[in-house]
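Written out below as structure tokens is the structure these notes cover.
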Amino acid sequence: MEIKKPIYIVEESKLRRNLSLIQQVATQTDSEFILAFKAFALWKTFPVFREYIRATTASSLSEAKLAYLEFGNKAHTYSPAYTDEEFDEIVACSSHLTFNSLSQYARFHQRASGCSIGLRVNPEYSEVGTMLYNPCAPGTRFGVTADKLPEFLPDDIEGFHCHCHCESGADVFERTLRHIEEKFSPWFSQLKWINFGGGHLVTRKDYDISLLAHIMQGFHQRYPHLKVIFEPGSAFAWQTGSLVSHVVDIVEDKNIKTAILDVSFTCHMPDCLEMPYYPDVRGAEHVDCEIGENVYRLGGNSCLAGDFMSSWHFSKALQIGDKIVFEDMIHYTTVKTNTFNGISHPAIGMLHADGCLEILRNFDYKDYRDRMD
């Protein structure tokens, strides 16, 4: 199929590869791995997911409803702050419900009937270098520190939730776990489960799965009564697809050439600007110099001056109509896109194992208009 418009393409074979690996890791570590919607929420792929996992995690009413109504199971839900208007509906869609603070617990816990209640804790340690993504940075709004916990937890608190990783390896988790246990193990005997959150990138090629298995073997020996939960998002959709775009114009200023595309970094690849990081571009090499033969900035088609990234070297001069493919653009992209400037939103497709490309969704003017209806 010739692709003329921008499109995100999820590859089923790569998605199944990740799911199979995560299923194996769950068995090796005697833990449950659940999907975090904040990184991946393409619900038309849920029939594939249900072959490998049983649960998902939500951080809002809409995500909780997606878990219950589309995935088919109640969510493990955590929010920095529940609101009175949404809380009862969230409870109806949740199997586990974690409070971010003792004040939120005090306000809402009696209305959480039927849920296994948890409390988010802050070990005051994280190796996440980008402050935008560091949940344990000084002054964080996430979680309760050990010095604020009572000696005996309320009877209905059954679990702790601790999230302090971002695309991290098992070695980082090993070091972090020492701090978690040092701070919070005095309460472990009062709990039924512990959720180590997301950011465990077990599907990355260099991830040390054997080390994770060793870590968890020791943890289970120390605390055999605790059920362990991991809730990565990126790991499920890591390197499972791309964003296909096209060159629509080439402009030059001060000898710097910019290929303007029919997609936008700020609209369709926001983490590239927020993190920031340079995405892999198929058939091109990222370079430090901005001026050179076949060297281009790649520019988005929004009116934001900074909607570009530089610079890539291509094997030949780019031409209007050339295809530009951004690799690994499925996790933390489709969930974070926006319609700033009313720019045409890329379609979403799924490349099946038989080579057939199924268009899961096209976007049009109504999608832009109705967001502001």
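P(r) tail, the chain: Cα-Cα pairs separated by more than 29 Å, 47% of all pairs. The phi-based Karplus calculation (6.51 cos²θ - 1.76 cosθ + 1.60; θ = phi - 60°) puts the 3J(HN,Hα) values of the range 77-84 at 10, 9, 9, x, 7, 7, 9, 4 Hz, whole numbers, x for Gly and Pro. Accessible surface computed residue by residue for the range 177-250, with neighbouring protein chains in place and a 1.4 Å probe, gives 39 Å² per residue.
3J(HN,Hα) along the range 338-347, derived from phi through the Karplus expression 6.51 cos²θ - 1.76 cosθ + 1.60 where θ = phi - 60°, amounts to 9, 10, 3, 6, x, 5, 4, 7, x, 5 Hz, with x in place of Gly and Pro. Accessible area per residue for the range 1-59, computed on protein heavy atoms with a 1.4 Å probe, is 46 Å².
To the nearest 0.05, what FRET efficiency results for ASP364 and LYS336 with a Förster distance of 25 Å applied to their C-beta separation?
0.80
For the chain, a simple Cβ point-charge model (Lys and Arg +1, Asp and Glu -1, everything else neutral) yields a dipole of about 460 debye relative to the Cα centre. Based on C-alpha pairs under 8 angstrom that are at least 6 apart in sequence, the chain has a relative contact order of 19 percent. Taken about its Cα centre, the range 52-162 carries a charge dipole of about 160 debye when Lys and Arg each add +1 at the Cβ and Asp and Glu each add -1 at the Cβ. Electrostatic tally near SER94: other residues with Cβ closer than 14 Å to its Cβ, Lys and Arg +1, Asp and Glu -1, net -3.
Please tell me the relative contact order of the range 153-201 in percent, rounded to the nearest whole number, where contacts are Cα pairs under 8 Å and at least six residues apart.
Result for the range 153-201 is 67 percent.
Between the beta carbons of GLU51 and ASP280, assuming R0 = 25 Å, the FRET efficiency works out to 0.30 to the nearest 0.05.
In the P(r) worked out for the range 46-161, what percent of Cα pairs fall beyond 25 Å? Summing the P(r) tail past 25 Å for the range 46-161 gives 29 percent. In the chain, the portion of solvent-accessible area held by carbon and sulfur atoms comes to 49 percent [1.4 Å probe, whole percent, DNA, RNA and ligands not counted].
Calculated on C-alpha atoms, the gyration radius of the range 1-75 divided by its Kirkwood radius gives an Rg/Rh of 1.03.
Per residue, the accessible area of the range 115-162 comes to 48 Å², computed with a 1.4 Å probe over protein heavy atoms only. A simple rule links phi to the HN-Hα coupling: the Karplus curve 6.51 cos²θ - 1.76 cosθ + 1.60 with θ = phi - 60°, which for the range 147-152 gives 5, 9, 8, x, 4, 10 Hz, with x for Gly and Pro.
The values are calculated or read from the model by the stated rules, or taken from the named source; none is laboratory data. Everything numeric in this text was worked out from a predicted model, so none of it was measured. Heads up, the Cβs are rebuilt from the backbone with ideal geometry, glycines too, and the neighbour counts pull from every protein chain shown. Just so you know, the surface numbers come from the protein's heavy atoms only, side chains and all, with ligands and any DNA or RNA stripped out. Shrake-Rupley method; radii C 1.70, N 1.55, O 1.52, S 1.80 Å.
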